[in-house]
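Here is the structure we will look at.
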Amino acid sequence: MKMTFRWYGDGDPVTLQKIKQIPTMTGIVSAIYNVPVGEVWPEESIAELKARAEANGLEFEVVESVPVHEEIKLGGPDAPRLIANYCENVRRLGKAGVKCICYNFMPVFDWLRSELERPMEDGANSLAYDEETVLSMDPSKEGLSLPGWDESYSKDELIGLLKRYEEIDEEKLFANLKTFLEAVIPVAHECGVNMAIHPDDPPWGIFGLPRIITGEKNLERFLKIVDLPENGITFCTGSLGANPENDLVAMAAKFADRIHFAHIRNIQYTGERRFHEVAHPTDCGSLDMYGILKALYDNGFEGYMRPDHGRMIWGEKGRYGYGLYDRALGAVYLAGVWEALEKQSK
């Protein structure tokens, strides 16, 4: 296992120097953020990012993410060109030494929350989700602003996109994912790059948009589409764990050999489809963090891990979910549990 840390580039208040100071940290997880979705990343930009990481004693072996263009998810007329561009990005990243690419197939938006600064009793604040709050909003009207929503769309563009998705159900989205995988995974295989799909967050459909990477059954179906080792999973405990019906310990054990990247965080259920994010240790929330890590270890997980969303603590201000202090605490907690698992097995 290699411990890594998400870094958003020059605009990230968490510097590479600070990341390097976290015990057990081996590398960063980052991306090229100034290239439009669907276009090819310049080799010079990839090389520069790698060089900056290495200058601070960190590896750059994981990309999160190479975004999948909406036209690919929709199966639109421009999808073949965009898939070809995606394959070229995989080739260029593999050439630069990247070993793992995290991506998702969520329509329109990525992770979604209803609140960015839910106050906690101890003075911290965290990300929170309340289904009732989310569904009270109309995404086709001006003024909607939710964490995870792509605000780069104009109102008319968003309305048009949502209209097109009315023709896309889960089966059609799976079919379009199959087309994508059948083109990309063989390229990844040739380049020595593991592709790791991120689960939908939260793992259910919202605003009539389908979501398909939601639990054990669909993950099993996904892995069989192209049954090669490079076609794998980002095991995000917070995303999958938002649905209490998902048995994360059993899933970690079952899929360990196809989990290339682990996003580890804890959440606290506060009602049906209501939760907020908490500190990483088991006792802080509703998920069995020790059990999940043990299942990964016992079943041979050898991929990359990172502490996922953290609270804002000790007065820190920064990118919501991605501050330094709580994620650093999380990294050390995860590394400590992993060390104990290693020594107990000897």
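The values are calculated or read from the model by the stated rules, or taken from the named source; none is laboratory data. Computed from a predicted structure; not experimentally measured. So basically every Cβ, Gly included, is an ideal-geometry build from the backbone, and we count neighbours across all protein chains shown. Quick note on the areas: whole protein, heavy atoms, side chains included, nothing else; ligands and nucleic acids left out. Shrake-Rupley method; radii C 1.70, N 1.55, O 1.52, S 1.80 Å.
Listed values, structure above:
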read-out	value
Failed item, numbered, when GLY310 is tested on (1) in a helix (DSSP H, G or I); (2) in contact with a Ser or Thr (Cβ under 9 Å, 6 or more places away or on another chain); (3) under 26 Å from ASP12 (Cα atoms); (4) small (Gly, Ala, Ser)	(1)
Single unsatisfied condition, ALA295 versus (1) of a type outside the set (Val, Ile, Thr); (2) over 19 Å from VAL29 (Cβ atoms); (3) open to solvent by 30 Å² or more (accessible area, probe 1.4 Å); (4) outside any loop (DSSP other than H, G, I, E, B)	(3)
Tally of residues being part of a helix (DSSP H, G or I) and open to solvent by less than 60 Å² (accessible area, probe 1.4 Å) across region 103-139	3
Residues within region 16-54 that are more than 30 Å from ASP78 (Cβ to Cβ) and open to solvent by less than 30 Å² (accessible area, probe 1.4 Å), tallied	7
Hits in region 159-178 (condition: touching a Gly at 6+ places or on another chain (Cβ under 9 Å), exposed (fewer than 15 other Cβ atoms within 10 Å of the Cβ) and modelled with pLDDT of 95 or more)	GLU170, ALA175
Considering residues of region 179-212 that are among the aromatic types (Phe, Trp, Tyr) and more than 23 Å from VAL66 (Cβ to Cβ) only, the residue modelled with the lowest pLDDT	PHE207
Test: residue in region 54-69 that is in contact with a Ser or Thr (Cβ under 8 Å, 6 or more places away or on another chain) and aromatic (Phe, Trp, Tyr)	yes
Positions within region 55-95 being open to solvent by 50 Å² or more (accessible area, probe 1.4 Å) and in a loop (DSSP other than H, G, I, E, B), in sequence order	ASN56, PRO67, HIS69, PRO77, ASP78
Flag for ALA331 being of a type in the set (A, V, I, L, M) and out of contact with any helix residue (DSSP H, G or I) (no Cβ under 6 Å at 6 or more places or on another chain)	yes
Any chance VAL90 is touching a residue at least 40 places away in the same chain (Cβ under 8 Å) and hydrophobic (A, V, I, L, M, F, W, C)	yes
Scope region 323-332; condition surrounded by fewer than 20 Cβ atoms within 10 Å (Cβ to Cβ), under 24 Å from LEU296 (Cα atoms) and not β-branched (Val, Ile, Thr); matching residues	LEU329
